1. In this structure, is Phe4 outside any loop (DSSP other than H, G, I, E, B), aromatic (Phe, Trp, Tyr) and surrounded by fewer than 12 Cβ atoms within 10 Å (Cβ to Cβ)?
2. Could you go through the stretch 9-28 and let me know if any residue there is open to solvent by 70 Å² or more (accessible area, probe 1.4 Å), touching a helix residue (DSSP H, G or I) at 6+ places or on another chain (Cβ under 6 Å) and closer than 17 Å to Glu107 by Cα.
3. Please tell me if Arg15 is closer than 30 Å to Pro71 by Cβ, under 10 Å from the mean Cα position of the chain (by Cα) and not aliphatic (A, V, I, L, M).
4. So which residues in the stretch 101-118 are basic (Lys, Arg) and surrounded by 11 or more Cβ atoms within 10 Å (Cβ to Cβ)?
5. Which residue out of Leu21, Leu9 is outside any loop (DSSP other than H, G, I, E, B), over 18 Å from Ile99 (Cα atoms) and of a type in the set (A, V, I, L, M, F, W, C)?
6. Quick one: Lys49 ticks every box in (1) at pLDDT 95 or above; (2) surrounded by fewer than 15 Cβ atoms within 10 Å (Cβ to Cβ); (3) within 30 Å of Asp115 (Cβ to Cβ) except a single one, so which number is it?
Amino acid sequence: MSAFDTDLLSDWVRRKHNCLLHLRDLGRRQLELVRDGGMSELLDVLAAKQQLLVELQRVERGLDPFRGQDPDKRPWRSPEDRRRCAEQLARCEALLAEIVSQEKQSERDLLRRRDEAAQRLQGVHTAAQARSAYAASAPSASAGLDMTS
């Protein structure tokens, strides 16, 4: 393993960090849209997130060769480079935890909105049934008195 390999590792970690930052920011926007009911905009955000998830998978594949290595045996250009990469990787883990939390909150909010919409629809359905039942039992205008004679 050469210093070039750790340069490559640092680059993959930087890419992962950037991707996770964008995912976190889109996750924040997603939460806003779910809470505000902006469903058409939400679909755009979800499409953008999907592209980032594809990129994140590509980055993770780039990191795969480094997973089985002993970190203490990697030759770094400097201790500062190693420290910087380790810190960025730790920030990646924190970002990932934040993203997972956002996703769970977004799911809870979407389920709540779905249940509220179902309740409103049930209320409309019940009112329509009552109206139909009332209309069926009320005397019709044609059954009234014939005043023509």
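1. When the stated conditions are applied, Phe4 passes them.
2. no
3. no
4. Initially, the stretch 101-118 is screened for residues basic (Lys, Arg), giving 104, 108, 112-114.
Selection gives Arg108, Arg112, Arg113.
5. Leu9
6. Here Lys49 meets the rest and fails (2).
The values are calculated or read from the model by the stated rules, or taken from the named source; none is laboratory data. Only a predicted model underlies this, so the values are computations on that prediction, with no experimental measurement involved. Glycine also receives a Cβ, built like all others from the backbone with ideal geometry; neighbour counts cover every protein chain displayed. SASA here: full protein model, heavy atoms, side chains in, ligands and nucleic acids out. Shrake-Rupley method; radii C 1.70, N 1.55, O 1.52, S 1.80 Å.
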